[in-house]
1. Kindly indicate whether any position in the range B:728-740 is under 18 Å from B:ARG873 (Cα atoms), over 28 Å from the mean Cα position of the chain (by Cα) and not in a helix (DSSP H, G or I).
2. Testing B:GLN15 on (1) in contact (Cβ under 8 Å) with a residue 24 or more places away in the chain; (2) farther than 30 Å from B:PRO137 by Cα, one condition comes back false. Which one is that?
3. Name the helices (runs of 4 or more DSSP H) wholly inside the range B:567-657 in which the number of residues that are at pLDDT below 80 is 3 or more.
4. Which of the residues belonging to the range A:40-54 are within 10 Å of ligand 1 (Cβ to nearest atom), under 16 Å from the mean Cα position of the chain (by Cα) and within 14 Å of chain B (Cβ to nearest Cβ)?
5. Restricting attention to the range A:35-59, and to residues there that are away from ligand 2 (no atom under 16 Å from the Cβ) and modelled with pLDDT under 90, which single residue is surrounded by the fewest Cβ atoms within 10 Å (Cβ to Cβ)?
6. Of everything in the range B:384-405, what is surrounded by 13 or more Cβ atoms within 10 Å (Cβ to Cβ) and out of contact with any Lys or Arg (no Cβ under 9 Å at 6 or more places or on another chain)? Give them in sequence order.
7. Mind checking which residues of the range B:268-306 are in contact (Cβ under 8 Å) with a residue 40 or more places away in the chain and open to solvent by less than 60 Å² (accessible area, probe 1.4 Å)?
8. Can you say whether B:GLY957 is in a helix (DSSP H, G or I) and either at pLDDT below 90 or open to solvent by 60 Å² or more (accessible area, probe 1.4 Å) (or both), as far as the supplied structure shows?
Amino acid sequence: MQDYVVFQDVCKYYQMGEQLIKAADQVTFTIDQGEFCVMVGPSGAGKTTILNMLGGMDACDSGLIRLEDCVVSQLTEKQLTDYRRHEVGFVFQFYNLVQNLTALENVELASEICRNPLDPKEVLEMVGLADRMHNFPAQLSGGEQQRVAIARALAKNPKILLCDEPTGALDYETGKSVLKLLHDSCRQTGRTVIVITHNQALTQMADRVIHLRSGRVAKVERNANPLPIERIEW
Amino acid sequence: MSRAYLKSILRAVRQSLARFLAIFAIVALGVGFLAGLWSTTPDMRLSLDTYYDQQRMADVYIKATMGLTEEDIATLSALPEVDSLLPARVADVLVDTIDDGRLTTRVYGLPWTQLNGEQPLAVNQWQLVAGRLPESPEECLIEQGDAYLADLELGAVLRIVTDGENGDLFATTEFTVVGVVASPFYFSNEREPSNVGKGRLEVVIYVADSCYDLDVYTDVYIVSAAATELLTFSDAYEEHMEAFVARLEELGEERSNLRYAEIYGEGQDELDKARAELAEAEEEAARELADAWQEITDARRQLAEARIELDRGYADLAEARSKLAHEKAEAEAQLAEKEQELEQARQELEQGEASLAAALQAGLIGPAQAEVMRQQLDQGWEQYQIGVAALEGAKAELTQQMAEAEAQLAQAELDLERGEREYAEGLRELVKGEADYWRARAEVEAELNSARADIEEAARELEELEMPTWYVLDRNANVSFASFEINTEKVQAIATVFPVFFLLVAALVSLASMTRMIEEERTQLGIMKALGYSKGAIMEKYIGYCGLASLAGSVVGLVVGFRYIPAVIWQVFASMYKLPTLYTPFRWSFALVATGSALLLTMLVTVYACNRALSEKPASLMRPRPPQAGKRILLERVTSLWSRLTFSQKATARNLFRYKKHFYMTVMGVAGCAALLLTGFGLQNSIDVLANAQFNAILQYQLTIDYAEDVSIPAQLEDWLQQQEQVLAYTPAHGERGTVYQEDRKVYTTIYVPQDESSFAQFIALQERASGVALDLTASPVIISETLARALRLQPGHVLAIENADEIKAQLTVAAITENYVGSYIYLSATAYEAAFGQEAKANTVLAQTVPLETAAQDELLSALLQLKDVERAEFIDQAKHSFDHLVASIDFLVVIIILAAGALAMIVLYNLININIEERRRELATLRVLGFHNEEVAGYMFRETAILTAIGTLVGMPLGKLLHAFVIRQAESSDLMLGQSIEPLSYLWAVLLTLVFAALVCLVMARKLRQIQMVDSMKAIE
Ligand SMILES: Nc1ncnc2c1ncn2[C@@H]1O[C@H](COP(=O)(O)OP(=O)(O)OP(=O)(O)O)[C@@H](O)[C@H]1O
Ligand SMILES: [Mg+2]
């Protein structure tokens, strides 16, 4: 299906005193359904801003954002909450798990509130944490925590998975396995996944690569034959 | 303090205004309460002292048993310790009024120029509340009415009952009220005992001292020279006064000796004079009696003489009478002889005629012879005629002579008769005179004897003359002063409990806040430590921050607390006193201690929190702190239940046990709030119970009527009571004042002895409070009111020492204790009374039940009652009830203040808790929002913890509140007042509800803050 995600002339400005910071400046791109999309660009390019706007965590100043048939840029506060609740899964750089809940409970936390969740235990098994599900986040390594975070995002059974530097705090191997997990989930369930990364090497595994620079889309690449993660080295 | 340092602190304040405000507010609350409550008693005492100084309240007053002479006064005023003094004549008397019956009245006789305002009063200056000052000695001023003193109207006329106690002391006995004054001597609504009438003062009036028929003063009121500068409740004052009183007592002895000599001398002089007078009188009496006797003797002699004369008169008369008769007989005999001679002559002449005629006829004789014979015959006839005429004359003369003599005799007889009458009169007079004499003699003798006896008595009395005494009394003897001192002491007792609690909560709030602050800045801490800053240097900022918050809070707390807390309590006191202006100075010592302790506490917790963080290695500090590991709690073992909980319930359950500081802070704060609220509402209950139970359930009569002591109700009153349709029932009883002594305590009480023990319970319910069991004087002959029992800690079986109004002392064994809230009573059976005091309890009061009446109808009934013979006083208990309305109102006011304080406490604590929680879990909350949780769900997650802590706090607060309530009640009670002991269920409900409302309010405010959490920011790296 064409144009699953649409950004059309999206702008987001921050007024810092005298200075106007253009975090997103006339951003226009599209992503198709089931694509594994990677967003790259230097620090401060506006990657997080764009992802947050797509995820309904932040509003744009102008332009159109659409996910499938939902015009995100026109949703009210309340509709945005529902949109986040049912349509989007987030994975953050710092995992953002609830410290006071076990791994399983953290997943349940998400699955409890949405329409057709996946079974939390199955999802945790899927991410390879079958025997750690009763541990608290503090008892898990960074990679394991990120897996829990991914499991939490997946368990909601969202239309789209948004990952902001999911491997940023992880070592090479762990990062790789986390990416593999995301990629697999994209391939297996046909779910659209967008991953922000600083790692240019990762562009090889993406169906679509969006290059950003200073709040603008510098270039959009399409990979006809993305490489599997195992084959990428950096 | 460098500028940079200050700037860094100010920046920190700006960055975390909520936290700063929380510390600021709780310190303000704590310090405000501490300083305010501490200063309340000193402020109230200072205000009273200022009032006393302004009104020149006497420091001491002297009551002299034999009076004070001008010389005594002069000696006193010459003392250097005496600033000014006011001699007065004071006595308690009964007074009749038109509208209010017979009232026990204290009459102050004051110097006229001070009474009429020409000169200011030297001591105990009053304030004129209404009317004007007297312009003539028939006018008087009256002390302002209150719960115990009657409110007489201007223009009311008071007539002293002159045949009552002290009634003979007065030269003027009728006064018109022209002005109402408030004197510092009578500023409390407390009953003043009196030894006249029913034993309680009902009116105080001020008149000119010339209205007294006395040439000495009874009292003198003194303002001491140095005491004005000292605070009247201070130890320095006490010491000063002790010395002064001792000095006066010493002087009193000296002056009393002189006064004794004077009175003795005067007595001796009078005695001598009386003796001389007696002697004189004796002499004069003897003389007069002798004179009188002489007169009687004379009269008797004269009478005897008169008798003799009279008798002689009778004899003379008889003699004269017989002589006259004799003379008469003689004269008549001579006359008869003459008559015979004449008859013979006539017969001879007749014969001669006949012989002539015969001779002529016979012619015996010739004409010549015949002629000669004729001539002879005619001559004979002529002689005869002359003889008859002479006889007739003699006869007439005799008759006349006889008549004359008779008349003389009759006259003599009349004279004699008069003489006899006069004699009889004289005799009667003599007899009377003699009787008079003897009577007079006896009288004089008796008179002289009594005079002799009087003199002897006077002489004996003089010998027995007691030494005069000066009673030197200081302010403690003044009922108003003593009551004020005790009540302010109670406030002090309460004042020490509350603030400690507030400070404790303040410490907890700062601990939680500062721990959180340091947590937030741990990286910074780590960097500084790594850079080689000393612990102290790093701490500086936090100590400065917390110190600034505490200091600012203290300043606001002090300013508000010093000013308003004493004012609130003062307002509550207004129901008991006619209060002067309140002074609330800024008290540096309290301010320093309160601020100091608040600062110290908050600093200590800051240092503690810093120390804990700084004990970590810099490296670990610089790393984001590993979030506190979630811990399994007991509840999880109940898998069936646990698995049913939603995630946020699970998180809440774990959080509750994880953050102990938050737990204690919140539970204490909320418990404090709930406890305060419960105390406040409980107080209201207690007062309501007092007003309702006392005036509806316990006292079931509406009207009391006092009459002159008698065994039965006066007939007129009895008739009236039976005829009045508005009177439903009545019972007579004996009532009098009693004084209970316990160690050095003295408690006034009222003794009631019902005439009819069985029907008495209809009028005053005698019952045990806890069990509600009715008491009966037959079974338990000595029942004391619970007020008295609590004040003196008496139990059934205990013995109390009592003195009745006639100053007869007795011991009573308490048989039972009856529920009672206002006033102190002892109910005795007639036999128990007689056994204790050795005299019969004569009825002098009627308790009556009436139909419900409006005030106007009550007044009408009262004035009708007072018209009746022997009725001295009548009163509806509504009047006593009204005086509690004010108390109820001021308690309502206090409750509002308590609610505000409680609300502030709960809100600050909860605000702080939620604030810290939000700060601490900002990322967690943002995560939830990112995950698509609705605002309500996020709020629910956040506030569930608050709700549970609030619930626990509220629960803990209930027993705490009950204890606090009991403590406050206990402090407020006196021998005349017991408050309701229990708290109504509704009050618990209100306390809980209000606490929840406060919590809900905070949550409502914080929900806004929750919504404003920026998801985007929170997702960024850990600070
Ligand atoms: N809340 C904000 N206020 C002001 N400026 C902001 C805010 N958020 C982002 N920016 C600015 O917008 C620009 C884009 O930021 P963004 O976080 O999207 O960059 P990024 O591409 O994600 O960079 P990085 O790879 O470092 O995460 C930056 O210049 C940033 O300074
Ligand atoms: Mg970014």
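The values are calculated or read from the model by the stated rules, or taken from the named source; none is laboratory data. What you are looking at is a predicted structure, and each value in this text was computed from that prediction instead of being measured. Cβ placement follows ideal geometry from the backbone for every residue including glycine, while neighbour counts extend to all protein chains displayed. Calculation scope for accessible area: heavy atoms of the full protein, side chains included, ligands and nucleic acids excluded. Shrake-Rupley method; radii C 1.70, N 1.55, O 1.52, S 1.80 Å.
1. Looking for residues that are under 18 Å from B:ARG873 (Cα atoms), over 28 Å from the mean Cα position of the chain (by Cα) and not in a helix (DSSP H, G or I), one finds none in the range B:728-740, hence no.
2. With (1) in contact (Cβ under 8 Å) with a residue 24 or more places away in the chain; (2) farther than 30 Å from B:PRO137 by Cα applied to B:GLN15, the lone miss is (1).
3. B:618-622, B:639-642
4. Those that are within 10 Å of ligand 1 (Cβ to nearest atom), under 16 Å from the mean Cα position of the chain (by Cα) and within 14 Å of chain B (Cβ to nearest Cβ): A:GLY46, A:LYS47, A:THR48, A:THR49, A:ILE50, A:LEU51, A:ASN52, A:MET53.
5. The selected residue is A:ALA59.
6. Hit for the range B:384-405 is B:LYS395, nothing else.
7. Passing the criteria: B:GLN268, B:LEU271, B:ALA274, B:LEU278, B:ALA281, B:ALA285, B:LEU289, B:ALA292, B:ILE296, B:ALA299, B:LEU303, B:ALA306.
8. Here the answer is no, as B:GLY957 does not meet what is asked.
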